[in-house]
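Single-structure report; data block below.
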Amino acid sequence: MPNATVDQVHFSKDYHGFVPFKLTDPFPACEELRAEAPVMWDDRINMFVVSRYEDVKYVFENWELFSSKDAQAPIRPLGASAKKVMADGNFTTYSGLSARIPPEHTRIRAVATKAFTPRRYKVLEPFIRENADRLINDMKAKGNSGDILVDLAYDLPTLTIFALIGVPNDMIEQVKEWAGSRATLTWGDLSDEEQVPHAHNMVAYWDFCQKLVADAKVNPGDNLVTDMVNLQAAGEEISDHEIASFLYSLLFAGHETTTTLISNSTVQLMSNPDAWEAIKADPALIPGAVEEVLRTAGSIFSWRRTAEVDTEINGVAIPKNSQILVLMGSANRDPQMFENPNKFDITRENARQHLSFGFGIHYCIGNMLGKLQTKVALEELVKNVPTMQFAPGTDIEFGDNLSFRVPVAVPVVW
């Protein structure tokens, strides 16, 4: 397709079926976008929407042209009441890493990487397996039906991230509520009035993250917070505020995205019974299945960037300060990169080239932990409920959100 002109991009009202905030089945629209308008101006959200693999990768890779600085800003600006709640509550964080830029990002990530080591979460694998086994057996004890989202995926990654950070397990419901508010307030489509209770939750959430840092200095433990505090004491350049901000992000992303990945893995495998039978017969196929789930049904469908200069993407002029929405969920099904892209193939050789964890300097620091937990969850499911399938009449729907593709429920029977 010839390069689009600026006028075509800015003034065309043909959105090719793309509907912001609706993620139950965005893939036919993505196919149209890739073919007809790979860089499309969407005046409903005031963003350029980028849908092809090479273009999305280009945006991620060129962080100096396309900054992450606004990645955590609310899609819908905060109203006066929500702003007052957060100002009065001294809410001062905005991101741990994903919305920071070098040199600040480089400095903080270097410290976080020293604490967030493979050793730190590898030792958690028996704990993850024990919890997965317990949660599945609790689900089975209730009868011959369950909801994978509620009965397994909701608690498992939360228990893991709590153990990693040093948060008591009785905080699960509270942290989940805060995390839901963060997702809704940042990536949802709320009225000014609807924002207010979520703003109160964000103040409480931020206070909690700051308290974790303060407590680690008084009562150190065998956890990631203490590791970061110790690195600070040893001379690493990171402030208490920056450690708390990292926790603010990790306590959200560290369980919400994995809750979704476990749920979406179940959805994809139940939707493709041959794949489910294959991993039952050979659990060694599970890591490849997880990569294919990430490619076809990643937890994060899209992410944002801001143009730092007048530039272009695929021949389309992008003025300075423009907001850009990169559709990783579309890029991961680009036929120029993945053969027969809509086919779910757990033996696909290049599945790991998906962009679900981003690319470049902001590549997800916790990707291995998320994949480990999903692998363990699937191993325990095929062992404990091998006859599992969707409940009769199941029609999987996903919540309204611009970025996070989260199923509302995953009902199963066995």
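The table that follows gives values for the structure above.
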quantity: Whole-Å semi-axes of the ellipsoid equivalent to region 300-414 (Cα gyration tensor, √5λ, descending); calculated: 34, 17, 15
quantity: Mean Cα-pair separation over length for region 315-414, i.e. relative contact order, pairs under 8 Å, 6 or more apart, %; calculated: 16 percent
quantity: Debye intensity ratio in log₁₀ form over the Cα atoms of the chain, taken at each q of 0.06, 0.07, 0.15 Å⁻¹; calculated: -0.24, -0.33, -1.53
quantity: Stretchable slack from LYS13 to ALA110, in nm (0.36 nm times residue separation minus alpha-carbon distance); calculated: 30.5 nm
quantity: Alpha-carbon radius of gyration plus Dmax, which is the widest Cα pair, for region 143-279 in Å; calculated: 17.8, 55
quantity: Computed lengthening from LYS122 to GLN389, 0.36 nm per intervening residue step minus Cα-Cα distance; calculated: 93.1 nm
quantity: All-pairs alpha carbon distance profile, region 75-200, 10 Å steps from 0, percent; calculated: 11, 27, 32, 23, 7, 0
quantity: Where a label projected 7 Å from the Cα of PHE21 along Cα→Cβ would reach, residues of region 76-93 with amide N under 16 Å; calculated: 76-79
quantity: Per-selection Kirkwood Rh - region 256-339 (Cα, Å, 1 d.p.); calculated: 15.0 Å
quantity: Rg/Rh for region 338-396, where both radii come from Cα atoms and Rh is the Kirkwood radius; calculated: 1.05
quantity: Fraction of accessible area attributable to carbon and sulfur, the chain (%, probe 1.4 Å); calculated: 52 percent
quantity: Region 315-414, dipole about Cα centre (Lys/Arg Cβ +1, Asp/Glu Cβ -1), debye to the nearest 20; calculated: 280 debye
quantity: Global geometry of region 30-128, whether rounded, prolate or oblate, following the gyration tensor of its Cα atoms and the 1.5 cut on a/c; calculated: oblate
quantity: Surface per residue (accessible, 1.4 Å probe) for the chain, Å²; calculated: 41 Å²
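The values are calculated or read from the model by the stated rules, or taken from the named source; none is laboratory data. Just so it is clear, the model here is predicted, and its values are computed rather than measured. Every residue, glycine as well, gets a Cβ built from its backbone with ideal geometry; the counts of neighbours run over all protein chains shown. Heads up: the accessible areas ignore ligands, DNA and RNA and are worked out on the full protein's heavy atoms, side chains in. Shrake-Rupley method; radii C 1.70, N 1.55, O 1.52, S 1.80 Å.
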